[in-house]
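**Student:** If you scroll down you'll find the structure; I have some questions about it.
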């Protein structure tokens, strides 16, 4: 009861007008480029065809990360050179997706700094530093994955579980809202999504016994419009014994049923974070997002039942937040092989070979799942992109080895698609781990894994870039990388794929066959999703090189923009 | 302007600095702590941790954990039990605002390599980052090596129970790695 109350209270705190002076450092508001352009809803909706801007974290509302410009292409990518390098103040994990509006770029860093840069030169226009409250939470680095833009505003979620709105011209804070209670383990690393004057955002905290949600806030005032709990009060489900790929999860259903009778529904501390942006379907006015693991991660004994809607694709109504449909990949997950990579809306072939509106998701299991957008049902799953050795071995007190390791398969890294090739591109990890369970009661907002997942030091690890035909589920091509991959990928109409590695290499591949066409050594891990944009007739590719805390890849603080040599 | 500030301070209500209890003299209480944790931040004993400049929320949660016997220690449990939440917050705030003292720490040949293997295996940097601490994550860089070693072994041997997930992580590490880690972190 107590918990439920606290979680619900995450009240709205508004500082309307200008925020406190100490909350940001403003450097200069002027730009050679003149006024910043107002981002209209129309622009946001047309982003998929906009070869000048990069308006959404994942390119467009469908989240295809397919960029329509082709000035940089397979024929000339070997002439790609750095145009400029901007160094942020924060040398730490960089996961930002640069957003570009009419020649102005917005990037974020760990610990919630935001920079506005001139996208042609990298010159800093303003710098906002969030005044962090005393309680911050993160499981996987002090990361931030970027801003959302709308009107003359820039929005960011923070490690102390706030949503802030900034003036795009000056970086001044316009309002801030407490999304949920930081002491209980709620926090934000995802970029928000803005649609029709609503800011949509989920929450971290699946490692802390939160009750997950997606909320919508008013862009003008910061007031909450709706809240969808990702964990319903009846979370037991159908006692599924097999996962979406048909493998037995070795659940002891009888014991779970008895425990459920005895302890009741565990929904109040069941986790179910939402780490990444929803895909938005404006035709049906629905959104699609994936829900993360149950809490505690490895210890199922305290949470009998399927733990709905953890490890699921979920669709809700855009205007009301009402449930529409869901599909659960893994019921009662005890491996943290959940669902984090953002879903993609695109036309796919159904079983009968007809084109229908589908949803793609790259699971931490290392499969691409293809769904019918209408009812969330699963049409097919791909060939596995990574080894499935020992799946599903139950965690033990002494530790049991299994693949994929708890970082996946596919981590939070967004996929990209090429709708002409009918391919989806994912980056993968091969990381054997031991899964150890240790049951402890809910620790009131402290880390609650219920054990640990540990990398096996003397076993080889690597990564892949994998192209999957989503109409058949077959792998078209696969390229191996030196290290497990985390960050993201961008496909372009130039027939290219861009993605970076922990060793600092940023590469371009031919998206039809995986041939490496270009590489650049960035000097720190390139573990952020790339973006692209065009200013004054010149196309750029931009990416953050700041390494990664979770996989301990070399940290840095560079935002690097590339363009073709003259 | 008034209303703006009013609204803002309500936002910070969960944070430090509020609900000051007139009878509670934090400076006077700190005299008790100084007996072990040091007059100027340098602890008297090598197995006593530095708390000057430690993270506010971490100090607060440790005091609460000692008081509730989630973390047990012959002296700290009794001491922490004397304080209510607000008082614990005031103590935490007081120590968090101090400067972390510089210590002399020597490493041995091969420590960095062993320590980094442990850090990668345990995925420590996911939370600990550069070991400087942040909110609920304690600073470990420049902490007393003998305390670091003891507290890691206390996790491993199930003596320290208030961060149970650390137990399985520490059990993966042999004592030589833990000792190298302690020296390495102390030297950062």
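**Student:** If I filter the stretch A:232-251 for residues that are surrounded by 24 or more Cβ atoms within 10 Å (Cβ to Cβ), in contact with a strand residue (DSSP E or B) (Cβ under 8 Å, 6 or more places away or on another chain) and modelled with pLDDT of 95 or more, do I get at least one hit?
**Tutor:** Looking through the stretch A:232-251, none of the residues is surrounded by 24 or more Cβ atoms within 10 Å (Cβ to Cβ), in contact with a strand residue (DSSP E or B) (Cβ under 8 Å, 6 or more places away or on another chain) and modelled with pLDDT of 95 or more.
**Student:** When you check residue B:157 against the structure, is it over 17 Å from residue A:554 (Cα atoms) and either within 12 Å of chain A (Cβ to nearest Cβ) or over 13 Å from the mean Cα position of the chain (by Cα) (or both), yes or no?
**Tutor:** Here the answer is yes, as residue B:157 does meet what is asked.
**Student:** While we're on this one: Might you let me know whether the stretch A:119-141 holds any residue that is out of contact with any helix residue (DSSP H, G or I) (no Cβ under 8 Å at 6 or more places or on another chain), more than 14 Å from chain B (Cβ to nearest Cβ), under 18 Å from residue A:56 (Cα atoms) and surrounded by 24 or more Cβ atoms within 10 Å (Cβ to Cβ)?
**Tutor:** Yes, that holds for at least one residue.
**Student:** Checking the structure you have, find out if any residue of the stretch B:62-70 is touching a residue at least 40 places away in the same chain (Cβ under 8 Å), part of a loop (DSSP other than H, G, I, E, B), in contact with a helix residue (DSSP H, G or I) (Cβ under 9 Å, 6 or more places away or on another chain) and crowded, with 16+ Cβ neighbours inside 10 Å.
**Tutor:** yes
**Student:** Where in the stretch A:425-532 are there strands (runs of 3 or more DSSP E), lying wholly inside it, with at least 1 residues that are more than 14 Å from chain B (Cβ to nearest Cβ) and crowded, with 24+ Cβ neighbours inside 10 Å?
**Tutor:** Result: A:462-469, A:489-492, A:496-500, A:505-510.
**Student:** Tally the residues that are within 17 Å of residue A:455 (Cβ to Cβ) and either more than 13 Å from chain A (Cβ to nearest Cβ) or touching a residue at least 24 places away in the same chain (Cβ under 8 Å) (or both), restricting the search to the stretch B:160-169.
**Tutor:** So the answer is 1.
**Student:** Taking the condition within 14 Å of chain A (Cβ to nearest Cβ) and crowded, with 16+ Cβ neighbours inside 10 Å, does residue B:80 pass?
**Tutor:** No, not satisfied.
The values are calculated or read from the model by the stated rules, or taken from the named source; none is laboratory data. Keep in mind the model is a prediction, meaning the values are calculated, not measured. Here Cβ is always computed from backbone atoms with ideal geometry, including for glycine, and neighbour counts include all displayed protein chains.
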